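Below is one structure; the comments refer to it alone.
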Amino acid sequence: MISQSLDKRLPHGVADLFFNDAARKRAAERTLADTFMHWGYSEIIPPMFEYYESLAAEAGPQLREEMYRFFDRDGHTLALRADFTIPTARVVGTKLFDRAMPLRFFYVGSVFRYEEPQAGMRREFTQAGIELIGAATADADAEAIALAMTALRVLGLDDFRFTIGNAAYLHGLLRDVPLADEDDVALREAIRRKSVPDLTRLLDALNLDATHKNALAQLPTLWGGADVLDRALRNAINYESRAAVEHLQVVVERLARFGLDDHITLDLAENRGMAYYTGILFEGFVQGLGFSVASGGRYDNLIAHFGPSVPAVGFALGVERVLMAKRARASIAPDVLAQEYSSRVESARVSGQVIEVDVLNRADDALREYARVRGAREIWWRDGRKENLDAA
């Protein structure tokens, strides 16, 4: 039965887009797709919904909780995709694992998460990103970060900054530390928030040796410029943590080759994000917004859930968040409002101008007012006259 009270409304967290909002979004999506293709990436289009078991693989408790789930008529649990990384990992792990590596994929499309809508992120929102699969090198990590920065730049967002960490560093420090799940979560959260009092209290309560306790206590201070790497290296207590710092050092050197090292802040305390991240992780911010517009990282164990083990790195931009930061670049305003169709209209359209013809036979004053509302620069009158509205 159709509810009469809901048939003209939208669910919480989704939106209709039209006119300039729709034009701006499509323009940004086309620009991002073109940029990714120029770097050698081809498009991947996974289904909008899959079996829940596939999409929940390695997703972590929070993302699983946020998934839209429903049953099909056979009783299987399905879910709407909550990101593109897991579906891409499934495709590679089950169908493309024996292809020549690396594989480079990009995507642009909707994802769905049942969470309280916030600025630039509804329950249906658009991700545009890439996955670079089959390369575990610092060059691959640097390419992913550089492409994320380039994507913002081509959209006109030059004033960006990326925080870059390495999840492997914290993994290394905690490798031989037996922690209950709740202690592990609390410890990582205190480190991420750089809360020295909370971290001190937790470390005092845990049965850790002095070496581990001191190394973990230093983590909230390991953020800033290049000197962070020297301090992190002195703080490293095993091969894994030392290798993580050395890898990050090479990534920074590679970003310098791209001319992008001035846009980064290093942060070894950063450990947010998807549960499947195993190495480099990063977030991109632009001036004026208090939240990230891009995030990504290395996930070397995810594809192994579906097939052979293949390393990978990727990122996603939140298109709606980018649009919040981006000044209007796309417009649906016509160049010319023509009073009637003519060969001149046809020629102008062929040459690339946007020409709108009045089909309501408006009076002159009404047509002039409509042209101003539409933002047209000129009116072409029936008798051949041109009227420049920019000068009006």
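A short reminder: the numbers here are calculations on the coordinates, not readings from a lab. None of the values given here were measured: they were computed from a predicted structure. In this analysis, Cβ positions are derived from the backbone assuming ideal geometry, glycine residues included, and neighbour counts consider all displayed protein chains.
Laid out as a table, the results:
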| item | result |
| --- | --- |
| Stretchable slack from ASP183 to LEU360, in nm (0.36 nm times residue separation minus alpha-carbon distance) | 56.7 nm |
| Of all DSSP beta bridges in the chain, antiparallel share, percent nearest 5 | 80 |
| Charge context of VAL251, other residues only, Cβ under 12 angstrom, K/R +1, D/E -1 | -3 |
| Three-way shape call for segment 1-81 based on the alpha-carbon gyration tensor, with the a/c threshold at 1.5 | oblate |
| Overall form of segment 12-147 per C-alpha gyration tensor (a/c, 1.5; a/b vs b/c) | oblate |
| R0 of 22 Å, Cβ-Cβ distance ARG234-ASN301: FRET efficiency to nearest 0.05 | 0.15 |
| Relative frequency of Cα-Cα separations exceeding 29 Å in the chain, percent | 54 |
| Difference of contour (0.36 nm per residue) and Cα-Cα distance, LYS95 to VAL373 | 94.8 nm |
| For the chain, built as a Gaussian network whose Cα springs stay under 10 Å, the top-fluctuating residue of ARG30, ARG90, ARG201 | ARG201 |
| Filtered trypsin sites (Lys or Arg not before Pro), segment 248-325: DSSP coil and at most 10 other beta carbons within 10 Å | none |
| Efficiency of FRET from Cβ geometry, ASN388 and ASP74, R₀ 56 Å, rounded to 0.05 | 0.30 |
| Residue-averaged [θ]222 nm for the chain, counting only DSSP H segments that reach four residues, each worth -39500 (n - 2.57) | -11000 deg cm²/dmol |
| Pairwise FRET efficiency - TYR51 versus TYR114, Cβ, R0 = 22 Å, nearest 0.05 | 0.75 |
| Difference of contour (0.36 nm per residue) and Cα-Cα distance, ASN207 to TRP39 | 55.5 nm |
| Charge context of ALA140, other residues only, Cβ under 13 angstrom, K/R +1, D/E -1 | -2 |
| Charge sum, other residues only, whose C-beta stays under 15 Å from ARG242's C-beta, Lys/Arg counted +1 and Asp/Glu -1 | -1 |
| Estimated inter-spin distance, ILE332 and ASP7, nm [label 7 Å along Cα→Cβ] | 2.6 |
| Average Cα contact separation per residue, the chain, under 8 Å, 6 or more apart, as relative contact order % | 19 |
| Principal axis dimensions, largest first and in whole angstrom, of segment 208-284 by Cα | 42, 27, 21 |
